[in-house]
Amino acid sequence: DWSIIFQYCLVEEALAKLESLKLVRHLRPIHLPNDQQPKPIENEPQSNSISDQEEAGEEVFQMFDEMQQWERSSVEVHIAEETFQSWVREISTTGEEVTAHEEESHPQQFKKLILFSGNDYLGLSSHPTIKRAAAKAAQEHGMGPRGSALVCGYTNYHRLLESCLADLKKKEDCLLCPTGFAANMALLVSIGSIASLLTVGSKPSEEDRIAIFSDALNHASIIDGICLAERQRSVEVFIYRHCDMSHLNALLLKCKMKKKVVVTDSLFSMDGDFAPMVEIVKLREKHQFLLVVDDAHGTFVCGKNGGGVAEEFNCEEEVDICIGTLSKAAGCYGGFIACSKSWKLIIQSRGRSFIFSTAMPVPDVVAAHAAVTVAKKETWRRREIWKRVQDFRVLTGIPISSPIISLIVGSEEKALLASRHLLTSGFYIIPIGPPAVPPNSCRLRVTLSAVHTLDDLKKLTTTLSQCINFKDVDIQISNKNAKL
């Protein structure tokens, strides 16, 4: 079974080589003492709160069992009137028109818009428990970090978050990265380095090289990571048509290399469709490849426990490596790679975007740990976001399958006109065009949140219907000619 050989034997062999070359990099957490005990929360609204005394680390987190008024800040934004008018008139701006502190003295100069373009799927960016955790960490430890993770930026708080995420993803270990983009780059460069590492001084033979199979619509960070891996001349890349398992199977059958890796987004960020996880797992059993899944948009949103798309499709054990981000549904910042301990050692020793980046600041790490706990316990948030998905289906008749709604309108001009109409009606929705999407597939990318209300959706869909014919909208595109 080459997936097992790749996962264990090959990685262990590469680690042994790194050991012999004295190139294994080690993470040694710096302990940041916390002498202050958590203080009772004063003047905190107690209605609808859950008395939760379970400790996470040293903190006692407050939970809520339904949406609170303060959560509207997750989906309501204010922009300066001058910026608003420039946007409507399509005039370029630098963002310097009005500073935020002027809002109190000139409230009439700001427009309030309902945000339908963010990735804060659960509304956690404004949660008081998470804000309080970040503020307390900043007060006690400062911002930090003082260097990269391998030098002195890795602390006991980083380790605590890694353990928490490994548990969420049902993996042996986890490695924090500065961003989800950096996580994909680090992993793919590390995969590419394995073959070259084991054939130092000579060009890797066909048998030594690694075949990477990538979905045509994978995220830019995967594409860029693969391009860097290719430069090591130890991998060969195959692009399969978007979610086309017949094409992937044909490419796998044709490939003579035994060391194979399949990498895919779980929930595609521009189209809102899911990777066919069940079919991919069947192909994994047949072809014995290493399965890498980028679950940036599925983590905390999908699955009973928020474990993501693999949990939703009951295939967590079949996913060998899972990449995630803390900047989407967690409402925070950072990225991570959930994997085996051996893979973690390889990545932290060979993943350049990890090695040469400053570690995540401690307040960000502490906030993310609080967000993981809140996302697990406040299960109503997942129920609510999927209710909003159903509401949108009913209101429009468009058979969407996720909180990411890709309304493809065609030309850039059409997308701009629709976006301007929505803007003047009080909705913040950005038109998406090239290079994010192929030419003539410009779209309005609408994203739903657990703290959007049914009334929000009714107003939005009414406004959308004035500029878009729902019956004519394509909600998904398969770019069969996409290449790296």
Can you tell me how many residues within the stretch 190-224 are touching a Ser or Thr at 6+ places or on another chain (Cβ under 7 Å) and hydrophobic (A, V, I, L, M, F, W, C)? 3
The lone condition Glu384 fails out of (1) open to solvent by 40 Å² or more (accessible area, probe 1.4 Å); (2) under 26 Å from the mean Cα position of the chain (by Cα); (3) at pLDDT below 90 is (3)
Search the stretch 377-388 for residues that are touching a residue at least 40 places away in the same chain (Cβ under 8 Å) and closer than 11 Å to Asp65 by Cα and pair each with any residue that is among the β-branched types (Val, Ile, Thr) and open to solvent by 50 Å² or more (accessible area, probe 1.4 Å) when their beta-carbon atoms are under 9 Å apart and the residues are at least 6 apart or on different chains. Lys377/Ile50; Glu378/Ile50
Right, Val374: of a type in the set (A, V, I, L, M, F, W, C), in a helix (DSSP H, G or I), touching a Phe, Trp or Tyr at 6+ places or on another chain (Cβ under 8 Å) and open to solvent by less than 20 Å² (accessible area, probe 1.4 Å) or not? yes
Taking the stretch 104-133 and keeping residues open to solvent by 30 Å² or more (accessible area, probe 1.4 Å) and part of a helix (DSSP H, G or I) leaves Pro107, Gln108, Gln109, Ser125, Lys131, Arg132
Kindly establish whether Ala338 is under 16 Å from Leu168 (Cα atoms), assigned to a loop (DSSP other than H, G, I, E, B) and open to solvent by less than 10 Å² (accessible area, probe 1.4 Å). no
In the stretch 347-361, which residues are closer than 15 Å to Glu172 by Cβ and either surrounded by fewer than 24 Cβ atoms within 10 Å (Cβ to Cβ) or not aliphatic (A, V, I, L, M) (or both)? Gln348
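Out of all the residues in the stretch 351-358, is one or more assigned to a helix (DSSP H, G or I) and among the hydroxyl-bearing types (Ser, Thr, Tyr)? Steps first, please.
Filtering the stretch 351-358 down to residues assigned to a helix (DSSP H, G or I) leaves 352-355.
From what's left, among the hydroxyl-bearing types (Ser, Thr, Tyr): 353.
Yes, the stretch 351-358 contains a residue that is assigned to a helix (DSSP H, G or I) and among the hydroxyl-bearing types (Ser, Thr, Tyr).
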What are the pairs, 6+ residues apart or on separate chains, where a residue within the stretch 142-167 that is farther than 16 Å from Gly334 by Cα and free of Cβ contacts under 8 Å to residues at least 12 places away in the same chain has its Cβ under 8 Å from a residue that is open to solvent by less than 20 Å² (accessible area, probe 1.4 Å) and part of a helix (DSSP H, G or I)? Arg146/Gly153
Taking first residues from the stretch 425-453 that are at pLDDT 95 or above and assigned to a loop (DSSP other than H, G, I, E, B) and second residues anywhere that are open to solvent by less than 10 Å² (accessible area, probe 1.4 Å) and of a type in the set (Gly, Ala, Ser), the pairs with Cβ under 8 Å that are 6 or more apart or on different chains are Ser449/Gly123; Ala450/Gly123; Val451/Gly123
Could you say which residue among Glu285, Glu311, Glu279 is open to solvent by 30 Å² or more (accessible area, probe 1.4 Å) and within 20 Å of the chain's Cα centre (by Cα)? Glu311
Go through Gly298, Gly303 for me and flag whichever is crowded, with 23+ Cβ neighbours inside 10 Å, closer than 27 Å to Ile400 by Cα and modelled with pLDDT of 95 or more. Gly298
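The values are calculated or read from the model by the stated rules, or taken from the named source; none is laboratory data. Note that the structure is a prediction, hence the values are computed from the model and not measured. Positions of Cβ are generated from backbone atoms using ideal geometry, with glycine treated the same way; all protein chains shown enter the neighbour counts. What goes into the accessible areas is simple: the full protein's heavy atoms, side chains included, and nothing from ligands, DNA or RNA. Shrake-Rupley method; radii C 1.70, N 1.55, O 1.52, S 1.80 Å.
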